[in-house]
Amino acid sequence: PCTGLARLPRPAAARAAEQLAAAGATVAVLPQGGCPLTERRNRAGAAPVRLLRAAGVRVTAGSGALRDAANPVGRGDPLEAAYLLASHGETGPEDAYEAVSAAARDVLGLPEVRVEAGFPAELLAVRGRNLPGALSLAYSRVVIHRGRVVARTSAVREFCDAQPAGPPDLPRQSQ
(Lines give C-alpha, C1' and ligand atoms only; values in the text may rest on other atoms or scores of the structure.)
Protein backbone atom coordinates (compact mmCIF):
# COMPACT_ATOMS: atom_id res chain seq x y z
CA PRO A 1 0.00 0.00 0.00
CA CYS A 2 1.18 3.51 -0.70
CA THR A 3 0.90 4.29 3.00
CA GLY A 4 4.22 2.42 3.22
CA LEU A 5 5.75 5.58 1.77
CA ALA A 6 4.62 7.42 4.90
CA ARG A 7 6.74 5.13 7.06
CA LEU A 8 9.91 5.65 5.04
CA PRO A 9 12.45 8.27 6.08
CA ARG A 10 11.62 11.50 4.24
CA PRO A 11 14.59 11.36 1.82
CA ALA A 12 13.78 7.77 0.82
CA ALA A 13 10.10 8.61 0.36
CA ALA A 14 11.04 11.63 -1.78
CA ARG A 15 13.26 9.44 -3.99
CA ALA A 16 10.46 6.90 -4.37
CA ALA A 17 8.01 9.68 -5.29
CA GLU A 18 10.45 11.02 -7.91
CA GLN A 19 10.83 7.52 -9.37
CA LEU A 20 7.05 7.12 -9.53
CA ALA A 21 6.75 10.47 -11.29
CA ALA A 22 9.52 9.58 -13.76
CA ALA A 23 7.73 6.31 -14.56
CA GLY A 24 4.48 8.18 -15.20
CA ALA A 25 2.72 6.25 -12.44
CA THR A 26 -0.57 7.25 -10.92
CA VAL A 27 -1.10 6.52 -7.24
CA ALA A 28 -4.60 5.83 -5.95
CA VAL A 29 -4.70 6.45 -2.22
CA LEU A 30 -7.31 4.86 0.02
CA PRO A 31 -7.86 7.20 2.98
CA GLN A 32 -10.57 4.96 4.45
CA GLY A 33 -8.03 2.29 5.31
CA GLY A 34 -5.16 0.21 4.06
CA CYS A 35 -3.35 -2.90 5.15
CA PRO A 36 -4.26 -3.64 8.78
CA LEU A 37 -1.12 -5.64 9.47
CA THR A 38 1.30 -2.91 8.45
CA GLU A 39 -0.55 0.33 9.04
CA ARG A 40 -1.26 1.98 12.33
CA ARG A 41 -4.62 3.71 12.54
CA ASN A 42 -3.32 7.22 12.92
CA ARG A 43 -2.20 10.15 10.85
CA ALA A 44 1.33 8.69 10.54
CA GLY A 45 -0.14 5.97 8.34
CA ALA A 46 -1.74 8.44 5.91
CA ALA A 47 -0.45 8.36 2.35
CA PRO A 48 1.99 11.22 1.69
CA VAL A 49 -0.15 12.95 -0.92
CA ARG A 50 1.67 16.29 -0.63
CA LEU A 51 5.01 14.60 -1.20
CA LEU A 52 3.71 12.65 -4.20
CA ARG A 53 2.13 15.71 -5.79
CA ALA A 54 5.23 17.82 -5.19
CA ALA A 55 7.23 15.21 -7.11
CA GLY A 56 4.75 15.36 -10.01
CA VAL A 57 2.90 12.10 -9.36
CA ARG A 58 -0.74 12.07 -10.42
CA VAL A 59 -2.79 11.17 -7.34
CA THR A 60 -6.35 9.93 -7.20
CA ALA A 61 -8.32 8.66 -4.25
CA GLY A 62 -10.90 6.01 -3.67
CA SER A 63 -12.36 3.75 -1.08
CA GLY A 64 -11.00 0.28 -1.61
CA ALA A 65 -11.75 -0.87 1.93
CA LEU A 66 -15.30 -2.16 1.71
CA ARG A 67 -16.07 -4.00 4.94
CA ASP A 68 -12.90 -6.05 4.84
CA ALA A 69 -10.10 -6.79 7.30
CA ALA A 70 -8.61 -3.34 6.68
CA ASN A 71 -11.83 -1.49 7.41
CA PRO A 72 -14.77 -3.54 8.68
CA VAL A 73 -17.09 -0.53 8.36
CA GLY A 74 -15.93 0.82 4.98
CA ARG A 75 -18.72 2.32 2.90
CA GLY A 76 -17.24 2.78 -0.56
CA ASP A 77 -18.26 6.44 -0.55
CA PRO A 78 -16.06 8.72 -2.68
CA LEU A 79 -17.19 11.81 -0.76
CA GLU A 80 -16.10 10.19 2.48
CA ALA A 81 -12.75 9.38 0.88
CA ALA A 82 -12.40 13.05 -0.11
CA TYR A 83 -13.40 14.18 3.38
CA LEU A 84 -10.82 11.89 4.99
CA LEU A 85 -8.10 12.96 2.55
CA ALA A 86 -8.73 16.61 3.38
CA SER A 87 -9.12 15.95 7.11
CA HIS A 88 -5.74 14.16 7.21
CA GLY A 89 -4.25 17.46 6.09
CA GLU A 90 -2.77 16.05 2.89
CA THR A 91 -4.89 18.23 0.57
CA GLY A 92 -7.44 20.97 0.69
CA PRO A 93 -11.12 20.21 0.03
CA GLU A 94 -10.89 21.17 -3.65
CA ASP A 95 -7.93 18.86 -4.38
CA ALA A 96 -9.50 16.07 -2.34
CA TYR A 97 -12.73 16.30 -4.35
CA GLU A 98 -10.76 16.43 -7.60
CA ALA A 99 -8.95 13.23 -6.57
CA VAL A 100 -12.22 11.27 -6.23
CA SER A 101 -14.04 12.85 -9.16
CA ALA A 102 -12.43 14.13 -12.36
CA ALA A 103 -8.95 12.68 -11.67
CA ALA A 104 -10.40 9.27 -10.81
CA ARG A 105 -12.59 9.28 -13.94
CA ASP A 106 -9.58 10.21 -16.06
CA VAL A 107 -7.46 7.38 -14.64
CA LEU A 108 -10.28 4.91 -15.27
CA GLY A 109 -10.63 6.12 -18.86
CA LEU A 110 -14.14 7.45 -18.28
CA PRO A 111 -15.34 10.53 -20.17
CA GLU A 112 -15.45 13.93 -18.54
CA VAL A 113 -18.76 14.81 -16.90
CA ARG A 114 -20.22 18.25 -17.42
CA VAL A 115 -23.51 19.73 -16.37
CA GLU A 116 -24.37 21.15 -19.77
CA ALA A 117 -26.89 20.51 -22.51
CA GLY A 118 -25.86 17.58 -24.67
CA PHE A 119 -23.89 15.74 -21.97
CA PRO A 120 -25.22 12.61 -20.26
CA ALA A 121 -27.20 13.33 -17.11
CA GLU A 122 -24.83 11.74 -14.57
CA LEU A 123 -24.94 13.74 -11.38
CA LEU A 124 -24.51 13.51 -7.63
CA ALA A 125 -26.23 16.42 -5.94
CA VAL A 126 -25.18 17.03 -2.34
CA ARG A 127 -26.65 19.48 0.12
CA GLY A 128 -24.11 22.07 1.28
CA ARG A 129 -23.31 25.77 1.08
CA ASN A 130 -19.86 25.15 -0.40
CA LEU A 131 -17.46 22.29 -1.11
CA PRO A 132 -16.04 22.01 2.43
CA GLY A 133 -19.60 22.01 3.77
CA ALA A 134 -20.69 19.36 1.29
CA LEU A 135 -17.73 17.14 2.20
CA SER A 136 -18.23 17.47 5.94
CA LEU A 137 -22.02 17.14 5.91
CA ALA A 138 -22.67 14.98 2.82
CA TYR A 139 -25.70 13.30 4.32
CA SER A 140 -28.47 14.44 1.99
CA ARG A 141 -27.87 13.60 -1.65
CA VAL A 142 -29.53 12.65 -4.91
CA VAL A 143 -27.93 10.41 -7.54
CA ILE A 144 -29.01 10.86 -11.15
CA HIS A 145 -27.95 8.21 -13.67
CA ARG A 146 -28.86 8.41 -17.33
CA GLY A 147 -31.23 11.24 -16.55
CA ARG A 148 -33.17 9.40 -13.83
CA VAL A 149 -33.04 9.66 -10.05
CA VAL A 150 -31.70 6.27 -8.97
CA ALA A 151 -30.94 6.97 -5.31
CA ARG A 152 -31.93 9.54 -2.74
CA THR A 153 -30.55 9.86 0.77
CA SER A 154 -31.80 12.43 3.20
CA ALA A 155 -30.96 13.28 6.75
CA VAL A 156 -32.65 15.44 9.32
CA ARG A 157 -30.58 17.45 11.76
CA GLU A 158 -32.27 19.28 14.57
CA PHE A 159 -30.82 21.21 17.46
CA CYS A 160 -33.04 21.14 20.51
CA ASP A 161 -32.96 22.29 24.12
CA ALA A 162 -30.95 20.03 26.39
CA GLN A 163 -34.00 19.31 28.60
CA PRO A 164 -37.21 18.89 26.63
CA ALA A 165 -40.40 19.90 28.44
CA GLY A 166 -42.47 16.96 27.25
CA PRO A 167 -42.22 13.91 25.04
CA PRO A 168 -39.64 14.23 22.27
CA ASP A 169 -40.86 15.80 19.06
CA LEU A 170 -39.37 13.31 16.62
CA PRO A 171 -38.66 14.59 13.11
CA ARG A 172 -40.90 13.35 10.36
CA GLN A 173 -39.97 13.22 6.71
CA SER A 174 -42.53 13.49 3.99
CA GLN A 175 -42.23 11.89 0.63
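Data for the structure
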quantity	calculated
Full-extension gain in nm, VAL156 to ARG67, via 0.36 nm per residue minus C-alpha separation	29.4 nm
Stretchable slack from HIS145 to ARG15, in nm (0.36 nm times residue separation minus alpha-carbon distance)	42.6 nm
Distance between modelled label sites at LEU8 and LEU108, nm, 7 Å Cα→Cβ extension	2.8
Three principal axis lengths of the range 80-151 [C-alpha, angstrom, descending]	37, 28, 18
Protection-proxy order for peptides 124-136, 93-105, 19-31, 142-154, each taking the mean of Cβ atoms within 10 Å per residue, highest first	93-105, 19-31, 124-136, 142-154
Residue-count net charge about GLY74 - beta-carbon cut-off 11 Å; Lys, Arg +1, Asp, Glu -1	-1
Rounded accessible area of LEU110 (nearest 10 Å², 1.4 Å probe)	80
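The values are calculated or read from the model by the stated rules, or taken from the named source; none is laboratory data. Owing to the predicted nature of the structure, the values given are computational and were not obtained by experimental measurement. Note: ideal-geometry Cβ built from the backbone for every residue, glycine included; neighbour counts use all protein chains shown. What goes into the accessible areas is simple: the full protein's heavy atoms, side chains included, and nothing from ligands, DNA or RNA. Shrake-Rupley method; radii C 1.70, N 1.55, O 1.52, S 1.80 Å.
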